[in-house]
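Student: Got a structure for you, written out below as structure tokens; questions coming shortly.
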Amino acid sequence: MFFITNGIVFVKLQKPDGTTIKLAEMNRGAAFGEMGVLDDGSVRTCSIVAKTFCELDVLNKDDIDNIRAECADVDENLHAILAVRHAADKAREKSEKNITNALSGMKEENEEDEEDEKDENE
């Protein structure tokens, strides 16, 4: 898990079609990589790319497990963060699916309109 102590990073997502979209910008005080440390078997969902020179503090899984065992509040907060990130991922996936379906429907309507115009002109 990484904590930004200085600098700015982009959170990017590569879509199945190969295009990349910027989801967020994070700076000092933000953290990332918690899903990989806290959620066994999680699949990488995003990439982090430095926008500026960055300084990061790092906690590995053993460090975090020790902290979680000693501090129930930290464990609860980390689980809350993880739940929010999972919910955001699901909402983004649903939104992308809805947009794709809407665009597909618009394309079909346009094709039908073009066919109707062609029939009228003949």
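The values are calculated or read from the model by the stated rules, or taken from the named source; none is laboratory data. Everything numeric in this text was worked out from a predicted model, so none of it was measured. Note that we place each Cβ from the backbone using ideal geometry, even for glycine, and neighbour counts take in every protein chain shown. Keep in mind that these areas ignore ligands, DNA and RNA; they rest on the heavy atoms of the full protein, side chains included. Shrake-Rupley method; radii C 1.70, N 1.55, O 1.52, S 1.80 Å.
Student: Do you know which of the residues in region 1-15 that are farther than 15 Å from D89 by Cα and open to solvent by 70 Å² or more (accessible area, probe 1.4 Å) is modelled with the lowest pLDDT? Outline the logic, then answer.
Tutor: Here is the first cut: in region 1-15, the ones farther than 15 Å from D89 by Cα are 1-10.
When the remaining residues are screened for being open to solvent by 70 Å² or more (accessible area, probe 1.4 Å), the result is 2, 6.
Details: F2: 92, N6: 97.
Going through the qualifying residues, I end up with F2.
Student: Among the numbered criteria (1) assigned to a loop (DSSP other than H, G, I, E, B); (2) of a type in the set (A, V, I, L, M, F, W, C); (3) surrounded by 12 or more Cβ atoms within 10 Å (Cβ to Cβ), which single criterion is violated by A88?
Tutor: Condition (1) is where A88 drops out.
Student: Given (1) surrounded by 12 or more Cβ atoms within 10 Å (Cβ to Cβ); (2) more than 13 Å from V37 (Cβ to Cβ); (3) out of contact with any strand residue (DSSP E or B) (no Cβ under 8 Å at 6 or more places or on another chain), identify the lone condition not met by L103.
Tutor: Exception for L103: condition (1).
Student: Quickly run through region 21-54 and pick out the residues that are within 18 Å of E93 (Cβ to Cβ), open to solvent by 60 Å² or more (accessible area, probe 1.4 Å) and in contact (Cβ under 8 Å) with a residue 24 or more places away in the chain.
Tutor: Passing the criteria: only L23.
Student: Now for a separate question. In region 1-51, how many residues are among the β-branched types (V, I, T) and either over 23 Å from K61 (Cα atoms) or not in a strand (DSSP E or B) (or both)?
Tutor: Taking region 1-51 as the starting set, the residues that turn out to be among the β-branched types (V, I, T) are 4-5, 8-9, 11, 19-21, 37, 43, 45, 48-49.
This time we only want the ones that are either over 23 Å from K61 (Cα atoms) or not in a strand (DSSP E or B) (or both), so: 8, 19-21, 37, 43, 45.
Residues meeting the conditions: 7.
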